[in-house]
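Okay, so here's the structure we're looking at.
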Amino acid sequence: MPQIQRLPEILINQIAAGEVVERPASVLKEVLENSLDAGSRAIEVQLQQGGVKQIRVADDGRGIQKDELALALERHATSKIATLEDLEHVATMGFRGEALASIASVARVTLTSRAQDAAHAWRIHAGESAPSPAALNTGTVVEVADLYWNVPARRKFLKTESTEFAHCDDAFRRIALARPEVAFLLQHNGRVSLRLTPGDMRKRCGEILGEEFLTHARAIEAEAAGLKLTGFAALPAYARASRDAQYFFVNGRFVRDKLIQHALRQAYADILHGSKHPAFALFLTLDPAQVDVNVHPAKTEVRFREARAIHQFVLHAVSRGLAAPLAEAAQPHASAAPQISAHEPTRPLQAEQYRLGVAEPRQPYRVDSVAAHATATRAAADFFRPAHTAPAPHSIPLEANDADGAPLGYALAQLHGVYVLAQNARGLVLVDMHAAHERILYEKLKSVLDGAPATQRLLIPAVFGASSREMACAETQHDTLERIGFEIAPAGPAELAVRSVPALLVRADIVALMRALLAELGEYPASDVISARRNELLATLACHGAVRANRSLSLPEMNALLREMEITERADQCNHGRPTWTQLSLTDLDKLFLRGR
């Protein structure tokens, strides 16, 4: 047996480097975190060959004293913590004191720094014992060259230059996103890749994730019991095929945590379906003593002391933010439309509308705003009555303005029996009436199912031929159907009669609805179908109960639909995650017709 012996210091550092320095992006992350801990307000990053040839990070932070430069390159040397109590309350990005030593064991590292009270800067190369004078403004420059030059086996595992730069770019963006008050510059092979100026969180999210993300996002802001969650969560219309637009930070540190991921999946469960992934940039702030960041050398994993409380807080905060009705949203916007900025001009809606006839003079039609609003309110209670022909064009009312709490404006017309055209102060609103009505019914059904749902007895029972499987399902699921609001019984050896239905679905195609419902119920035991398949059953009911294409709606009915959307949770998307409405701003319309050019 070989004898037990102490490992050389260089080998210890190289072993540690295997955990800390996975690729150039790992080096960049560690150095950037040190720059932020030094109080930097501007950071410049220069990369060569994807960071393999060189990584140079320059900041304007506090700098390092001359006699501490050599110590900074030693393992387990740090200014962040000194005691166990400091470790349990750590609030800095770095604290382990091994990053620079690990990097220096597998690359050529040069450290140049000038402290705020120093006469000039000092430079030291890894492996030297004393620094030499240098020229530099206040701050620090870390240069890492020839990564894995002394460990060729590890260098073979690195990918192409473009792939390694992509990983560096991701690491750079994550850190920049968490610190919007700091200016960042990223260069690759001498070309500027990204320049970020100081600003607020909304501005930085737009720079990192794109303005399209903000267009589809809802602002999240919640605070309770020492926990605070802020940021933006995108609506399902912005769902991605991968998780490339998911950013979650704990006390400013980017983390990947299974508990948080589960909470966010549950928050999106009722509005996002299929294999798509949500997009978000969320920032959780809590007492550092309530989270353990000393879990992994890369510091991307954390452990919460009150995990259940954190899970519930994140789940409910994001759910409430995504479910907020349009009328309550601070900045209402379409789920698939450009965001309306505060600087974008709006035009007041006209209070008069004219009809030009061939054999008659032009006549103004003036609408009283209060009267029109009252008409729409009354129509909301009567929205499910049978369709009738829309009024003549000259009688279409047009609201004077939408300052009375109508983000979706007021209806103008119906397009091909599928879409509702409406006008608000920002421009044109286009609504998918079936998708919107489906979401409204779905949310209403969820609320009534918890109690005794109102039912409507049919004057003439709906009788239809049923298969043996449907007959058996109607019998075994009788209690479930009754709880939902259906009264169904055999009308013959192969017939079923529906005598009562939920009041919300009285205008649905009863036969088609019952066939779909029985098919859904037949897949699960009667004992747990409500608890296990509650949302799926209600989605089936809502889909069949919603207004269908080619149904003609009157102006009051269309306005009633808009008003219902504004007060319904999650009205931005249907039950399948598709957008229910979109906004075309006046600027968009002007561009279509080249106005102002």
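Before moving on, here are some points about what is shown:
- If you wrap the tightest convex hull around every Cα atom of the stretch 107-266 and split its volume per residue, you get 202 Å³.
- Taking 0.36 nm per residue of separation and subtracting the current Cα-Cα distance, fully stretching the chain between Phe593 and Asn535 would add 16.4 nm.
- Reachable lysines from Lys446, criterion Cα separation under 22 angstrom, eight or more residues apart if same chain: none
- Chain lengthening between Ser467 and Asp67 when straightened (0.36 nm per residue, less Cα-Cα): 135.2 nm
- Cross-link reach list, lysines versus Lys53, counting only Cα pairs under 30 Å and skipping chain neighbours closer than eight places: Lys29, Lys66, Lys80, Lys156, Lys159, Lys299
- Rounded Å value of the spacing that divides the Cα centres of the stretch 455-506 and the stretch 168-237: 53
- Excluding same-chain neighbours fewer than eight residues apart, the lysines reachable from Lys203 by a Cα-Cα span under 21 Å are Lys228.
- Among residues other than Arg243 with Cβ under 15 Å from its Cβ, the summed charge is +4 (Lys and Arg +1, Asp and Glu -1).
- Extension gain (nm, one decimal) between Ala489 and Thr138, 0.36 nm per residue minus Cα-Cα: 117.9 nm
Where a number appears in this text, it was derived from the coordinates with a stated rule and is not lab data. All figures in this text were calculated on a predicted structure; none of them were measured in a lab. Cβ coordinates were reconstructed from backbone atoms using ideal geometry, including for glycine residues, and neighbour counts include every protein chain displayed.
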